[in-house]
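Following: one structure in structure tokens, then a few remarks.
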Amino acid sequence: MAGRTAWLILLGALVAVVAVGSLIPIPSPVEVRTWAAGAGWATPVLFLVLYALLTIPPIPRTVFNLSAGLLLGGPWGVVVSMAATAVAATVAFYLARGLGRRWIEPHLERGVVRAVNARLSTGGLAAVTSLRLVPMVPFAPMNYACGLSTINFRPYLLGTIIGSLPGTTAAVVLGDALTGTTPPALLAVYGVLAVIGAVGLVVVLRRNRPAPEHAAVSAAPPRS
């Protein structure tokens, strides 16, 4: 009975969406760009603030990057998106380090937490960059993971900017292309970035893998 009710609610919601869509005209991408340009400087400033604030929690950046390309165009869209990315990453990092580290620090020498902390802290810039290149690695959770680790802020932020730039640029250009024609080559960009990021991640993990002797000592129980 409950399942049938849920399906009826979902069907009613779909009907309502279709009805509203048929009654309210949806602006074209060109009309949206024209409206954004007419707002002048307020569009990039407000968009940057909203982008930065809304991506501190775990909300995917892709929709904001596409919107940046649609509203601001390619060059300005990339600049604003990267600025907002840097702000959101910085705020999340220091939130985790200032508030969460007090709770997590006693556990930094345990199991998985220790392994993640070691990969980020010893891998530094290369580790963060390679992780940012992988589209499947969520942006906000990684910000907090880095804040809880012992990695320094400078390589974290630089790695975030370098690793986020290719994917951000691709999404912004794709959003910009919605106002005209979409280049077919963009369809392969995320796949290429994923491969590059995965290879870089494997290299970093292998480079920072503990020696067998060290691993055996770490796994051995303490003597009484």
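The values are calculated or read from the model by the stated rules, or taken from the named source; none is laboratory data. None of these values were measured; they are calculated from a predicted model. Areas reflect the complete protein model, heavy atoms only, side chains present, ligands, DNA and RNA absent. Shrake-Rupley method; radii C 1.70, N 1.55, O 1.52, S 1.80 Å.
Points to keep in mind about this one:
- Per-residue SASA entry for LEU95, accessible area with 1.4 Å probe, Å² rounded to 10: 70 Å²
- Heavy atoms of ILE59 accessible to a 1.4 Å probe, total area in Å² rounded to 10: 70 Å²
- Backbone geometry of region 85-91 corresponds, through the Karplus equation with coefficients 6.51, -1.76 and 1.60 at θ = phi - 60°, to 3J(HN,Hα) couplings of 4, 5, 5, 4, 5, 5, 4 Hz, x marking Gly and Pro.
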